[in-house]
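Report on the structure given below.
Here, each number is a calculation from the coordinates, and none is a lab measurement. Because the structure is a prediction, the values reported are computed rather than measured. Cβ sites come from the backbone with ideal geometry, for glycine too, and all protein chains shown count toward neighbours.
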Amino acid sequence: MSSLRRRGALTPALLLAATAMTAVPMTAYAESTADAATADANGQPALDQILVTAERRQEKMQNVPISIISLSGDALQNSGYQSLTDLQYTTPGLTYDPTQGAAFQIRGVGSTSFDFSNAKSVNVVVDDVVMDAQRDLGITGLVDIERVDVLMGPQGTLFGKNSTSGVIAITTVKPKLNDFSGKVYASYGERNDRTINGTLNIPLGQKAALRISAFDVGQDGKGRYVTLNRNLGRVDEFGARAKLLWQPSDDLEVILAGEYTHHFDTSVRTAVGGPAGTSFAPTAAVTAAQIALGVTPGPRNVDTADGFLGSISTTNQGGSLHVAYKLGDHTLTSITAYRETAYGNDTPADLLPNDVYSYISYNSGRLKTDKFSEEVHLASPTGGFVEYLIGGFYNRLHANQTQVQWGPLGTSPLVVNGQVIGNLYANTGANDPVTGKLLGNAVQFNAHNETLAGFGQVKFNPTSRFSLTLGGRYNYDRNDQTISYPNSDPVPILGRTINFTATGTAPTADFRYGVKSSSRFTYRIAPTFQLNKNVMFYATYSTGYKPGGVAFVGNKYDPYNSESVKSWEIGEKGEFFNHRLRVNFDVFSSKYTNFQATILTPVSTGVGGFILASAIGNAPGLRSRGFEAQVAIKPTHSLSLSGAVTFTDAKFTDYVASSTANYTGTRLTNAPRWMSTIATDYNAPVSDDINLKAHLEYVYRSDLQTVTGAMLGNITAPAVTNADGTKTPNASYSYVPGYGLVNGRITLARANDRVEVGIYARNLFNQYFSTGWQIYGALGLLHYTSPDAYRTVGAFAQVKF
């Protein structure tokens with residue numbers, strides 16, 4: 001395991017020493033390249049004021065009693081990242097787990113689950129529309145983005161869905177009246193790293209405008225399918241967005257928006273293989289066969305000899321209608337949205353050609369979701385003794401997935417003497433519990449999630465220095481789910497009829513449908529004190545809630561209960577030296593009850609083996625606490641310094657999952673204790689017509705583990721025996737060492753910024769890291785990697801008109 005436990009470039013102590021050079025920890029995030037020209041009334045350099053809509057009104061970030069990290073569109077472009085999931089590398093406190101359902105976590109907390117009735121702990125909200133569908137991140141291709149606001153902690157008072165650990169609010173650029181303009185951007189780098197996007201703003205008379213943006217991005221992976229001579233880890237994305245603005249009067253604004261995006265990748269798990277001698281090492285024959293074909297399992301292996309290409313594809317399409325109408329000095333807003341997602345996974349797991357060794361040769365799923373939401377809210381004017389916002393929200397989400405998982409499970413190669421064998425095991429199939437006969441070789445889930453909520457917030461301003469915000473929300477949720485076992489025709493796939501043997505028994509007919517309904521009132525209290533016009537102290541106490549759901553694990557109906565959280569945060573937001581220095585700091589603590597945790601549960605293969613399935617259940621107690629600090633400095637007109645550091649201690653305070661599995665005191669998955677960024681931006685003329693721009697950033701995260709705990713017995717390292725007789729699993733195989741990434745770009749631009757050319761680098765020093773680990777029966781230990789784990793250097797050009 002020593003190779004798995006190497007430390008990153010900086011330990012937390014060295015990181016703090018580095019940030020201490022600027023006296024406080026730092027962050028940058030909505031400081032755009034326009035900062036170079038920003039000045040106060042006396043012509044001195046000053047930071048841009050960051051405007052956010054964290055409380056559904058546009059206001060200065062420094063006046064909002066919430067810990068927020070805000071990234072402008074320019075900041076996103078400077079980072080060089082292309083995907084929403086890459087925000088985890090630029091936003092301390094935010095992580096993304098690509099396994100077990102895929103989801104974001106904030107402050108270490110977030111549920112990842114394959115259960116379709118499970119709500120997200122961190123919701124992505126795009127232009128005020130909640131993107132809650134499973135496997136839908138809400139936005140693909142970071143093009144024409146005005147800003148991204150990451151709100152830390154429970155956010156249930158004002159946003160459509162109750163989010164127990166945070167919200168990622170994305171605002172795209174709105175069409176502009178009486179302005180014909182556009183932009184084209186293109187880049188190309190190593191491993192065919194490519195981006196091309198464009199935006200066009202078209203005025204339609206004096207009262208309407210159309211804004212269209214399109215993109216195509218992608219990169220080849222580092223790995224290979226050695227027997228197929230195909231790329232492993234390749235990513236391709238393309239899409240388009242259109243927004244039509246109609247503003248017939250100063251009192252009415254209507255925005256109709258539509259979007260279509262497509263994602264495809266060949267990023268699948270590859271063999272780690274051990275380490276040798278552990279109870280979860282693969283068979284010696286499997287390892288020897290891989291080595292003979294040129295694939296050496298190990299912690300840095302990114303190749304596979306699998307005879308089938310694995311891939312994942314996602315298509316999203318939908319639209320929204322925003323209507324804002326002024327009723328005197330109040331504003332009435334309606335947000336109507338509809339969205340569809342089609343997700344397909346084809347991720348076989350053989351690791352070898354199908355005439356050599358076969359385990360699960362066909363692992364294919366098709367998920368379709370559709371959602372409708374409606375939100376209406378009324379907002380009072382700001383600046384008075386009382387400010388308020390009240391509203392209602394309705395959301396309906398439907399998900400339907402069919403999954404087939406077939407293979408010989410290591411008993412035989414799939415192909416013998418050129419012919420597909422006549423019998424396969426169906427891990428997704430099930431036998432009737434009464435007759436014992438096969439019900440079907442596939443499994444189908446059909447889920448409906450409905451939310452109805454009323455919410456409101458009132459802010460009292462008794463003096464110019466003191467304010468008190470009170471918010472509340474009443475939620476009603478109903479989730480239902482059905483499991484069934486259809487037969488999928490093997491002939492189009494295998495070319496012949498196959499006999500299937502199910503590896504499990506279905507629940508009785510009465511337990512193939514489940515429903516969970518619940519309701520809860522949550523609230524928020526946030527007093528603020530303005531020390532002077534530039535320095536604010538605040539405190540926030542908030543509660544949150546996530547509804548229970550229906551889970552079918554290993555063909556067993558296993559519902560779980562609602563989750564709740566009580567959280568407090570105390571912080572300071574201040575600007576000093578004539579707005580040349582910004583310092584924000586907060587401490588927080590959140591206590592969760594019945595946290596919806598996911599663990600890996602072995603499901604029998606029926607032939608003496610197992611595969612691990614994700615099982616979701618309630619952990620009675622969980623706590624996340626720590627601090628967050630941000631700073632931005634503008635020492636000169638040409639130079640900006642920024643950064644952030646977060647410390648998060650997230651662990652289970654009460655989680656005895658069974659008589660032999662006790663996770664109490666263990667850290668949450670994918671939750672590093674330390675995360676930090678340090679960045680600098682430079683923008684200065686080198687001639688009358690040319691400016692030099694430079695951006696450099698360092699991103700660090702400390703070590704973490706990627707599973708709650710491996711199962712006990714012969715598939716894990718020895719467990720720790722506790723005083724009460726329970727055991728805490730040793731999940732050392734899932735350990736990811738700390739690491740740091742360096743990104744940068746250098747640009748030559750015309751003085752009016754109409755033309756820019758330059759070079760960029762992501763992960764400049766080629767720092768390798770894994771993103772997820774998985775034990776897969778006789779195949780041993782597998783892992784996932786990311787294209788961001790390798791250096792990418794390239795060139796770019798941008799033209800504005």
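A few comments on the model shown:
- Taken about its Cα centre, the chain carries a charge dipole of roughly 940 debye when the Cβ of each Lys and Arg holds +1 and the Cβ of each Asp and Glu holds -1.
- Rounded if a/c under 1.5, otherwise prolate or oblate - the range 154-203, Cα gyration tensor axes: oblate
- Cross-link reach list, aspartates and glutamates versus K533, counting only Cα pairs under 18 Å and skipping chain neighbours closer than eight places: D40, D48, E59, E572, E575
- With helices as the sole contributors, the chain gives -1000 deg cm²/dmol at 222 nm; each DSSP H run of n ≥ 4 counts as -39500 (n - 2.57), and the sum is divided by every residue.
- Sequence-separation-based contact order of the chain, relative, with Cα cut under 8 Å and 6+ spacing, percent: 14 percent
- Label point 7 Å beyond Cα of R754 along Cβ direction - residues of the range 685-706 with amide nitrogen under 18 Å: 687-692
- Using a cut-off of 20 Å between Cα atoms, the listed pairs K60/K459; K174/K371; K437/K556 include K174/K371 as exceeding that distance.
- Highest to lowest packing among 218-231, 351-364, scored as the average C-beta count within 10 Å: 351-364, 218-231
- Farthest toward the positive end of the dipole of the chain, out of Q219, A442, A644, is the Cα of A644, where the dipole comes from beta carbon charges about the Cα centre.
- By other beta-carbon atoms within 10 Å, ranking R623, R135 with the fewest at the front produces R623, R135.
- The Cα atoms of the range 276-377 give a gyration tensor whose axes a ≥ b ≥ c have a/c of 1.5 or more with a/b greater than b/c, which makes the shape prolate.
- Under 19 Å from the Cα of K566 - lysines, other chains or at least 8 residues apart: K120, K161, K546, K591, K651
- Potential extension, N487-A342 segment - 0.36 nm per residue separation minus Cα distance: 50.1 nm
- For A103, the residues whose modelled amide H falls within less than 5 Å of its own, excluding neighbours fewer than 5 places apart on the same chain, are D97.
- In order through the range 641-651: 3J(HN,Hα) via Karplus (6.51 cos²θ - 1.76 cosθ + 1.60), integer Hz, x for Gly, Pro: 10, 7, x, 7, 9, 10, 10, 10, 10, 10, 8
- Sequence of E375, E253 once ranked by neighbouring C-beta atoms within 10 Å, starting from the fewest: E253, E375
- Taking the centroid of alpha carbons for each part, the range 498-564 and the range 298-332 are 21 Å apart.
- Gyration tensor (alpha-carbon) shape descriptor, the chain, a/c threshold 1.5: prolate
- The ranking of T680, T497 by Cβ neighbour count inside 10 Å, starting from the fewest, reads T497, T680.
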